[in-house]
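Every read-out reported here was derived from the displayed coordinates using simple, explicitly stated rules and does not represent laboratory data. None of the values given here were measured: they were computed from a predicted structure. Positions of Cβ are generated from backbone atoms using ideal geometry, with glycine treated the same way; all protein chains shown enter the neighbour counts.
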């Protein structure tokens, strides 16, 4: 994770975030966001409240992307609440929100068609609609922290409602509308690619390495 942060997330942040935002790009925030993402997978609604069986069964091929989005925003909600309770003090919420935003740019490069990619775009477009961040004339992003906090709570609620209702068609329509990469964002991602920032970390493995 430190290698991903040093070689990928931080360089992306320097390319796409405002200079003022960089003070909030922190490894500890990156680690915490991932940790609480995984914690959030075990929380929430597992069975619909409308008699349609499990959420996985009811939402079928829409389930994975929605579940990944739930883990993202519910994880961010968890770390926010723990910070407000004084239980989490490693980073500030400004750090976690800003690093989370940079993390969207990192993750979506794996492909918008994947479950994680669709989840990232759902979150990105929802936050944009809520004014949780602004993109300046230079194509750089900055967080509106108060609006982002509200957007996190609203999106978490909307996702949990979709899961609880188990309405496949409604979820499919919502995800189809929200999980798209718009031309403006694609141009920003093209800048990241042009800068030569790797998509992922790859290890040298195999017998030839072991024998050295």
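Given a Förster distance of 22 Å, report the FRET efficiency between residue 20 and residue 146 from their Cβ-Cβ distance, rounded to the nearest 0.05. Working shown, then result.
Details: r = 16 Å, r/R0 = 0.74.
Efficiency, rounded to the nearest 0.05: 0.85.
Give me P(r) over the chain, computed from all C-alpha to C-alpha distances, binned every 10 Å, as integer percentages.
In order of increasing distance, the bins hold 8, 33, 35, 18, 5, 1, 0 percent.
Over segment 1-126, with a single point scatterer placed on each C-alpha, what log10 of the ratio I(q)/I(0) does the Debye formula yield at q = 0.10, 0.18 1/Å?
Here log10 of I(q) over I(0) equals -0.34, -0.98.
Evaluate the distance, in nm, between pseudo-label points positioned 7 Å from the Cα of residue 81 and of residue 3 along their respective Cα→Cβ axes.
It is 3.6 nm.
Given the Cα atoms of segment 113-172, and with Rh set as the inverse mean 1/r over their pairs in the Kirkwood sense, what is Rg to Rh to two decimals?
Working: Rg = 13.4 Å, Rh = 12.8 Å.
Reported Rg/Rh (Cα atoms, Kirkwood Rh): 1.05.
Determine the calculated [θ] at 222 nm for the chain from helices alone, applying -39500 (n - 2.57) to every DSSP H run no shorter than 4 residues and normalising by the residue count; nearest 500 deg cm²/dmol.
Values: 10 runs with 128 residues, N = 212.
My calculation for the chain gives -19000 deg cm²/dmol from helical runs alone.
Which length gain, in nm to one decimal place, applies between residue 136 and residue 190 when the Cα-Cα distance is subtracted from 0.36 nm times their residue separation? Could the numbers behind the result be given before it?
On the way: separation 54, 0.36 × 54 = 19.44 nm, distance 1.70 nm.
Length gained between residue 136 and residue 190: 17.7 nm.
Which ordering of 149, 161 is given by a fewest-first count of other beta-carbon atoms within 10 Å?
Values: 149 18, 161 14.
The order, fewest Cβ neighbours first, is 161, 149.
For the chain, find the longest principal axis of its Cα atoms and tell me its angle to the long axis of helix 183-194, 0 to 90°, nearest 10.
Between helix and principal axis, roughly 30 degrees.
Please identify which residues in segment 1-35 have an amide N closer than 15 Å to a label point set 7 Å out from the Cα of residue 210, following the Cα→Cβ vector.
Counting backbone N atoms under 15 Å from the label point, the list is empty.
Using Cα centres only, tell me the gap between segment 1-41 and segment 47-116 in whole Å.
Computed from Cα coordinates, the inter-centre distance equals 15 Å.
What nm distance separates the two modelled labels at residue 47 and residue 153, each placed 7 Å from Cα along Cα→Cβ?
According to this spin-label approximation, the distance is 3.0 nm.
Among 10, 15, which comes first, then next, by fewest other beta-carbon atoms within 10 Å?
Working: 10 21, 15 18.
Fewest-to-most Cβ neighbours within 10 Å comes out as 15, 10.
Measure off 7 Å from each Cα along the Cα-to-Cβ vector at residue 203 and residue 94, then give the distance between these two points in nanometres to one decimal.
Distance between label points: 3.7 nm.
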